[in-house]
Structures are given as structure tokens and as C-alpha cells.
1. Restricting to region 39-52, name every residue that is without any contact (Cβ under 8 Å) to a residue 60 or more places away in the chain and of a type in the set (D, E, K, R).
2. Hey, does region 5-22 have a residue that's closer than 18 Å to Gln127 by Cα and assigned to a loop (DSSP other than H, G, I, E, B)?
3. Please work out if Tyr125 is free of Cβ contacts under 8 Å to residues at least 40 places away in the same chain and in contact with a helix residue (DSSP H, G or I) (Cβ under 9 Å, 6 or more places away or on another chain).
4. Within region 27-38, can one find any residue that is surrounded by 17 or more Cβ atoms within 10 Å (Cβ to Cβ), without any contact (Cβ under 8 Å) to a residue 40 or more places away in the chain and of a type in the set (Phe, Trp, Tyr)?
5. Among the candidates Ser44, Ser27, single out the residue that is under 18 Å from the mean Cα position of the chain (by Cα), farther than 30 Å from Thr97 by Cα and either among the polar types (S, T, N, Q) or not in a helix (DSSP H, G or I) (or both).
6. When only residues in region 47-73 that are part of a helix (DSSP H, G or I) and out of contact with any helix residue (DSSP H, G or I) (no Cβ under 7 Å at 6 or more places or on another chain) count, which is most open to solvent (accessible area, probe 1.4 Å)?
7. Taking the stated definitions as given, is Lys243 under 27 Å from Ile40 (Cβ atoms), more than 17 Å from the chain's Cα centre (by Cα) and open to solvent by 60 Å² or more (accessible area, probe 1.4 Å)?
8. So which residues in region 99-140 are open to solvent by less than 40 Å² (accessible area, probe 1.4 Å), in a helix (DSSP H, G or I) and more than 23 Å from Phe25 (Cβ to Cβ), if there are any at all?
Amino acid sequence: RRWDVLAAIALVAWIGIDLTGRAVFGSVPWPHSVVDYRIIYEASRYVHQTHEFPAHSPYPYPPPAIAIHVASAAFPFSVSAAIWLSLTGLAALGIYTVLTHMLGVHRRSGALLALPLAHLAVAYYFQWDLRSINCNVLVLAAVVLGCAALWAERAIIAGFAFALAIALKLLPVLLLPYLAWTGRWRAFASAVAWSVVFWIVVPLFTFGPDGFGPVYAGWRAELARATHSATKETHPILISLDKAALAITSQEAVAARVIVWSVQLAWIVLGIWGAVNSFKVRTTDRYSIL
């Protein structure tokens, strides 16, 4: 058990250092050290006030995420940044706490040594998010909480957590077809219902009836602009398959199109293969979500 205590302390200290080492105690004074949350703070307030997206800003977040961002930005920047920093740190610790409970690691003496080893495998990604205070750890925490709720057969909570993750960043949207494919219909219905709240009710309340349409139209236009091959900006958010193919082929359009088609075909084949195999091995095992 002493090793368990040491492992837990090491993990908490590791996350704490990554969270505050650069943002709070780094060479750039707080809160000017915060990079990503500065964009989230200023851009969300701009969209809320103007119902337009800021020009040439890497902020392609969906309207429900903007509503959540602007709620956190209701205070002076230093206060809002401190709140977001605290939420990010609690989310990082919560991820490991929930997984430890799900897997029963805490029941075996010495098994908590797996925690810092597990974190080692993903330390780079956590560090990037913790140091810049983005929202990826919050998204991951919502996904893990949904997994835990699904494992505990609490479908309503699982649906809420998954819908929240999708609202914060669109990437977890594949959880919805996963729930339907595996026959978890209560969790699926909950996720759809909560998605209606996040994607319609919350933006209507935040932007008003007059701003609802323009904000969604602006978001779609921003996504199209960001990923268009003619957009020459180099921020990682602005990458796309078309732009990557053109870069690889030195702007040769025909060769780039062949690469795009090949990758798309590979994804279709992989998707069909995964669907067929998942259909064969359908199970009621609560751990299958992992």
C-alpha cells in the first residue's frame, strides 16, 4: 500500500507541475502565459457579441461549445483563466480516478503503480493541453465519465456525458453510432435528447433567436475556409486531407486527388471491416466500451 500511496502522489504531482509549471510559475507572468484559453476567452466573447467568427483566428468551435466558453468568460480574464485552469486539472485527475474505479485497480496492493506508467504513455498530449489550457482534457473527461456511466448501467448519465463531449468538440460524435450499433438504445436516446438541448436550446438561449442562424452559418463557413486547399495558413487546426495531399505532391492536383481517393477508399474498407467484425462479436460485457 505504501507503493500505491507513492504512485498516487507521483501522478498528482506530475499533473500539478504540468498544469502550473509554465502557466503560473513560468518565465511569462500569469495570466499572459496562457495561450489557448486566451483565444477561447476572446473569440467566444467576440462571437457572443457580434454573432460572427473572428477573421483568421483558429477558433472553429461549434455553437454549443462557444456558449460554454462564453459562460466561463463572464469574469475578468485572470479570474476566468484560473477557473479554466482548475477545471482542467480536476478533469485530468478525474480521468484517472474514474478509470481506477472502473478497472478495480485500487483493490490490488501495488497496482496503482500502473497509473504513472499509464500517464507516461500519454504525457506529451496531457502536457500540451495542461500547459496551454485548452479544452481537450475536459472533452476526454466527459468521454471517460460517459464510459463509466455506461459500465455502471446508468444510461441517462452516459448519454448526457457523451452529448457534452460532442458539444465541446465534434470529434466524439462517433460515439452515437457506436451506441446504436451495440444496441445501447437508452444511452443512445439520452445522448440524442441531450444533444438537442446542447445544440438547439443552449445556443438559442445564448445567442438569441436573431443570432442562432448567423452563428451556425458562420461556423459552417469557418470550417469550410479552414480546411479549403486555398487557405495557406499553417496552424494545425487548419489542416485537411486535401491540403496535406497537395503539400505532399508539391501542388500537383491530379496526384493529390489520387492520394485523397486512396485514403478515402482505405477508410471505407476499414469501416466495413470494423462493422462486420463488431457485428460478429457483439457482447453484453460492460467492459466492451473500453
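1. Glu42, Arg45 - these are the residues of region 39-52 that are without any contact (Cβ under 8 Å) to a residue 60 or more places away in the chain and of a type in the set (D, E, K, R).
2. Looking through region 5-22, at least one residue is closer than 18 Å to Gln127 by Cα and assigned to a loop (DSSP other than H, G, I, E, B).
3. yes
4. no
5. Answer to the selection: Ser44.
6. Gln49
7. In short, no.
8. Correct list: Thr100, Met102, Val105, Ala111, Leu112, Leu115, Val139.
The values are calculated or read from the model by the stated rules, or taken from the named source; none is laboratory data. Here the structure is a predicted model, which means the values were calculated and not measured. When we count neighbours, we look across all protein chains shown, and the Cβ atoms used for this are built from the backbone with ideal geometry, even at glycine. In case anyone asks, the SASA skips ligands and DNA or RNA and just uses the protein heavy atoms, side chains included. Shrake-Rupley method; radii C 1.70, N 1.55, O 1.52, S 1.80 Å.
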